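Visitor: Take this structure, written in structure tokens, and hold onto it; I'll ask about it next.
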Amino acid sequence: MIKYNLLCTDCEITFDSWFASSKEYEKLKRKKLLVCHSCNSQKVEKSLMAPQLINSKKKQKETLDIAKYKDVKKTIKDYQKFIKENFKYVGENFAYEARSVHYDKKNNTKGIYGNASKKDLKELKEEGIEAQMIPWIEDKDN
Ligand SMILES: [Zn+2]
């Protein structure tokens, strides 16, 4: 015996039904002997195969994630604005500039920001230079 959760695509109810085997299910379906308990429609499917059920759940989650993402994105944007106004952009030279700021104290007037690899960050940290990794959103990504 095998139990299937069936879905009627007409009235969208689901119900459990027992079959001797999956073959029997296929046979009954082919002979149009599978009918909805509620509306007698023959459009009855195994609910595992009902993509509309799975999709609506997934969609809900995606909507939530997007809302969360927008929130985070705004925070990052605010942070970025602050950094752009208060720090000097040094691009790919970050590791080099960070060292010169660190070792040449006279130059230590303004913070810097730029691109660095994980390896750069690790090396800087070993030299006692703290750098913070922040997520970055390009303006074109609006
Ligand atoms: Zn039905």
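Throughout, read-outs are computed from the coordinates displayed, never taken from laboratory work. Computed from a prediction, not measured in an experiment: that's the story for all the values here. Backbone-built Cβ (ideal geometry, glycine too); neighbour counts: all protein chains shown.
Visitor: Let me spell out the model: positive unit charges on the Cβ of Lys and Arg, negative unit charges on the Cβ of Asp and Glu, origin at the Cα centre of region 2-49. What dipole size does that give, in debye rounded to 20? Before the final figure, lay out the partial values.
Guide: Numbers: 9 positive and 6 negative charges, 62 e Å.
The calculation lands at about 300 debye.
Visitor: Using a 7 Å offset from the Cα along the Cα-to-Cβ direction at both ARG30 and LYS3, what is the distance between the two label points in nm, to one decimal?
Guide: Reported label-point gap for ARG30 and LYS3 is 2.7 nm.
Visitor: Rounding to the nearest 20 debye, state how big the charge dipole of region 66-124 is about its Cα centre with +1 on each Lys and Arg Cβ and -1 on each Asp and Glu Cβ.
Guide: Values: 15 positive and 8 negative charges, 52 e Å.
The calculated dipole for region 66-124 is roughly 240 debye.
Visitor: Just to be sure I understand the model, the point goes 7 Å from the Cα along the line to the Cβ. What's the resulting LYS81 to CYS11 distance in nm?
Guide: With each label point 7 Å from Cα toward Cβ, the separation is 5.6 nm.
Visitor: A further question on this structure: Which pairs break 25 Å Cα to Cα here: LYS73/LYS125; LYS68/LYS110; LYS88/LYS118; LYS46/LYS68; LYS81/LYS110?
Guide: Working: LYS73/LYS125 28 Å; LYS68/LYS110 33 Å; LYS88/LYS118 20 Å; LYS46/LYS68 34 Å; LYS81/LYS110 16 Å.
Exceeds cut-off: LYS73/LYS125; LYS68/LYS110; LYS46/LYS68.
Visitor: Here's another thing I want to ask about it. Expected output is a single nm value to one decimal: the length gained when fully extending between LYS119 and HIS102, i.e. 0.36 nm times separation in residues minus the C-alpha distance. What is it? Mind showing how you got there, number by number?
Guide: Working: separation 17, 0.36 × 17 = 6.12 nm, distance 1.79 nm.
Value of the extension gain: 4.3 nm.
Visitor: Which of the peptides 92-101, 31-40 is most tightly packed, and how do the rest follow, going by the mean number of other Cβ atoms within 10 Å of each residue?
Guide: Working: 92-101: 16.9, 31-40: 13.2.
Most protected by this proxy first, the peptides run 92-101, 31-40.
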